[in-house]
Amino acid sequence: MTEKLYYDHDIRECEASVLACRAGENCFEVLLDRTVIFPEGGGQPSDTGSVGGAAVSYAFEDGHDVWHRCARAFPVGAKVTVRFDEQVRRDHSQQHTGEHMLSGVAHRLYGCANVGFHMAEDYVSVDFDRPFTQAEIRALELALNEAVQRDEPTTYAIVDAAELDGMELRKRAKGLTGEARIVYAGGVDSCTCCGTHCGRAGEVGFVKITSFMSYKGGTRVFFLCGMRAVKAAMEEARLLDAIARRFSTKAAEAAQAVVKQGEELTDARRVLKKRTEELFDYKAAEILRDAPKAGDVSVAVTLGEGLNMAELGMLCESVCKKGKAVVVAMSENGGQLLYRMARAEGVKLGMREVCQAVNAMTGGKGGGRDDSAQGSAGARSETAEIRAQLEAYLKSRLKPA
Ligand SMILES: [Zn+2]
């Protein structure tokens, strides 16, 4: 059995005796008669620290025993000094106490329950059993930080588990027997808990809700406390400043500048589309003028540069509107060969079949319907040969019977 000294906020280290020591995976597992190192439990990760000067990477509970994964072995009976890593403990206690306070404030404001908690080295999240609006999340974040500012103490009560049913608590663990530990965190929460906590709400420092999403009919809220929140706020400020500088404006006006540029881009695209249509109208006339014929059908194979799939579609449409034609429009774009094909009304040849032929000539992939199809291949050097081969293929397929 290990005496658990990690619940006392004032104890930083202790002397202990080694009760057992066994080989673990790349470590030695050391059982002590007392410890200040918190073992993983209740969703809170293990402390790190040292035993007799040897690093402890992890501690875990087995019944009433706490085992420490140590860098070296100790003889049974050895007297050792046990310390925990204060920075790691502070960080874990801040995230954990922040979770209590977030859950307590959410329960008070919205009557919702915390139904899941995840604490990792790089993120912390809580699942609530109701949906939230953006405005509610903002109100929750504000009320939570007000509670942190009030700096009320965290207090504990040890009661018999049988008494829990009659008590008013936000949450109680199920199936507890014997002694139960109740934590009253930062003046806004009450629940059974075996983790380590900040002594006062103010030690949580700052809680930042970073995002939230719908999850199983409720909401998953991601948040950070203490230095994690400070670092996240600094990084966001840096990114916002970079955007603001890009737009030669102040940070407060950056969002508006991004929206405005988005609107301008939409307008510019609209104008570009109209002008491209006009340009393709001229181009279509030129293509048809130069295209060879198979019977009364023009065989229009074009090869351009920098056109995207939508633009190739517009070009095909322009050609088919102007004359009885089969058109295959190809373009080299971003290291790819894109192609699109269409037929004018009254032409029988199926474009799916033409697409398969182009796929075979280019080593590409694509398909479509009888009246239009599209595909792409890797960049090709012999595009002029492909074009000639394709023209010959189309002429032979369109030859009057
Ligand atoms: Zn707790």
Loop trypsin sites (Lys or Arg not before Pro), the stretch 238-296 (other Cβ atoms within 10 Å of the site Cβ: 15 or fewer; DSSP): Lys250
In nm, the gap between the two label points placed 7 Å beyond Cα toward Cβ at Val88 and Asp127 is 2.8
Long-range amide H contacts for Arg34: which residues qualify at under 5 Å (H placed 1.01 Å from N, peptide plane, sequence gap of 5 or more or a different chain)? Glu3, Ser17
So which GluC sites (Glu not before Pro) in the stretch 110-142 end up in coil per DSSP with only 13 or fewer other C-beta atoms within 10 Å? Glu121
GNM top mover of Ala373, Ala106, Ala229 - the chain, alpha-carbon springs below 10 Å: Ala373
Want the number for Arg220 to Arg172: 0.36 nm per residue separation, take away the alpha-carbon distance, what's left? 15.2 nm
If amide H atoms are modeled at 1.01 Å from N in the peptide plane, then the residues at a separation of 5 or more from Ala113, or on another chain, having amide H under 5 Å from its own are Asp129
Could you tell me which of Ala379, Ala342, Val105 has its Cα farthest along the dipole of the chain towards the positive end, charges placed at Cβ (Lys, Arg +1; Asp, Glu -1), taken about the Cα centre? Ala342
Note, ³J(HN,Hα) from phi for the stretch 169-185, Karplus 6.51, -1.76, 1.60, rounded to Hz, x at Gly and Pro: 10, 5, 8, 9, 5, 8, x, 6, 10, x, 6, 10, 9, 9, 10, 10, 8
I'd like the distance between the alpha-carbon centres of the stretch 231-290 and the stretch 299-333, rounded to an integer number of Å. 26
Less than 15 Å Cβ to Cβ from Gly367, Lys/Arg counted +1 and Asp/Glu -1: what total charge do the surrounding residues give? +1
Whole-Å distance linking the alpha carbon centroid of the stretch 116-158 with that of the stretch 343-360 is 62
Sequence-distant or interchain residues sharing an amide H contact under 5 Å with Asp47, placed H: which? Phe38, Glu40, Ala59
Order of exposure, largest accessible area first, which applies to Glu13, Glu385 with probe 1.4 Å: Glu385, Glu13
Candidate span helices, the chain: DSSP H, at least 30 Å along axis from Cα coords, Kyte-Doolittle average at least -0.5, result 226-246
Sites matching GluC sites (Glu not before Pro) across the stretch 155-259 that sit in DSSP coil, with at most 10 neighbouring C-beta atoms within 10 Å: Glu168
Using only protein heavy atoms and a 1.4 Å probe, report how much of Cys21 is accessible, in Å² to the nearest 10. 50
Accessible area of Ile11 in the full protein assembly, 1.4 Å probe (Å², nearest 10): 50
If I model a spin label as a point 7 Å beyond the Cα along the Cα-Cβ vector, how far apart are those points for Arg275 and Ser211 in nm? 3.7
Convex hull over the alpha-carbon atoms of the chain: what's its volume per residue in Å³? 243
For the stretch 15-55 and the stretch 185-205, distance of Cα centres in Å: 24
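The values are calculated or read from the model by the stated rules, or taken from the named source; none is laboratory data. From a predicted model like this one, the values you see are computed outputs, not experimental measurements. All Cβ positions, glycine included, derive from the backbone under ideal geometry; neighbour counts span all protein chains shown. Surface accessibility is based on the protein's heavy atoms, side chains included, excluding ligands, DNA and RNA. Shrake-Rupley method; radii C 1.70, N 1.55, O 1.52, S 1.80 Å.
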